[in-house]
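Heads up, the thing below is written out as structure tokens.
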Amino acid sequence: MPNVIIRPGWFIPEKLVTPENVYRNRRRFLREMGLGTFGLVAGVVAGCSKHETLAVEAAPSSGSTNAAASSGKGYPYPRNPEFNPKVRISDEEYATGYNNFYEFSTTKTRVRQLVGKFVTSPWEIEIGGLVEKPMKVSVEQLVAMMPIEERVYRFRCVEAWSMVVPWTGFPMSKLLEKIVPKPEAKFVKFTTFMRPDQAPGFAVLPEYPWPYTEGLRMDEAMNPLTLVTTGLYGKPLPKQNGAPIRMVVPWKYGYKSIKSIVKMELVTQQPKTLWESLAPDEYPFESNVNPNVPHPRWSQATERVVDTGNRVNTQLYNGYGAYVAKLYSKA
Ligand code: MTE
């Protein structure tokens, strides 16, 4: 397989993987944004435009929110005061209009235009592998078993942009308690849906090792920060943000926060993830936010706050060292 095709989309010249008309529209949008392709992130880091307008097209009338009325029950959930930092929450329009979801598009502002056919209800999730009590449940059943709350987390993408988002969900540790891991379980492997008829991105990137997979060590999955997420901004997750259920792992780069999960599996071996399979030196399994470890092609010292365009310093573990530094102290 030629390198240029299998590398992550934020790396390759987009014209190689994107239909000509989409590519042209994207160039226009990026000019308006004052951005560039991900391949130009280093340039963005060096000279970020101060003010960027979210030039997304209007959301389609087919609706980009999860249609499952039952999963809308109870929203908004109470905010956990422990995760309510005194920082500016990002504009919801950006969080739901500027998305990485390669199953639909490599163009962030196109994703929500393309989710219309994606069926997120009913949705079954299989939770098993090396556990005493495996389950196959609907998202509604799962949510009904769990203590749901809202948490405001910083979210930092490997591409050096960030947001602050109020997520709704429950700690992964609570789920692990219920399924009772066997002692030999060392990792959790997560898998996203694979339905090319509902998501056009699969056909655009046929060389990618779909479905999207991710993983965490057991101690990372058990960490109190690790959130199984069903909503944002006091509402169920919109499709473009990974409806109906995704992970949010706030001390790691955003690609670890896998969307639209169909399977969680406890395993002994470190699972091969999609990005790691494509470019292990650029998107390794661990991928903790670290301003001192540059990406091979750009600095990670600072980040662009997506909705304001301000550039701020990146914090080690995205500022969550008090919760997670101990996990890596032996490394
Ligand atoms: N999950 C799936 N299934 N597919 C993806 O392309 N992109 C990841 C992550 N989870 C991705 C995914 C990346 S690179 C980021 S930065 C975040 O989702 C973006 O989440 P957001 O669109 O809600 O901001």
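Taking all C-alpha pairs of segment 173-331, those more than 29 Å from each other amount to 20 percent. Of the peptides 125-132, 79-86, 252-259, the order by per-residue mean of other Cβ atoms within 10 Å, starting with the highest, comes out as 252-259, 125-132, 79-86. The modelled label-to-label distance for the pair Gln141/Tyr328, using points 7 Å beyond Cα in the direction of Cβ, is 3.8 nm.
Here the Debye sum runs over all C-alpha atoms of segment 143-212 as equal scatterers in vacuum, and log10 of I(q)/I(0) at q = 0.19, 0.21 Å⁻¹ comes out as -1.10, -1.08.
Basic side chains Lys and Arg get +1 at the Cβ, acidic Asp and Glu get -1 at the Cβ, and with that the dipole of segment 266-317 about its Cα centre reaches some 100 debye.
Per-peptide packing, taken as the mean over residues of other Cβ atoms within 10 Å, places 111-120, 232-241, 145-154 in the sequence 232-241, 111-120, 145-154 from highest down.
We did not get these values from a lab; they are worked out from the coordinates using the rules stated. Quick caveat: nothing in here was measured; it's all calculated off a predicted structure. Positions of Cβ are backbone-derived with ideal geometry, glycine not excepted, and every protein chain shown enters the neighbour counts.
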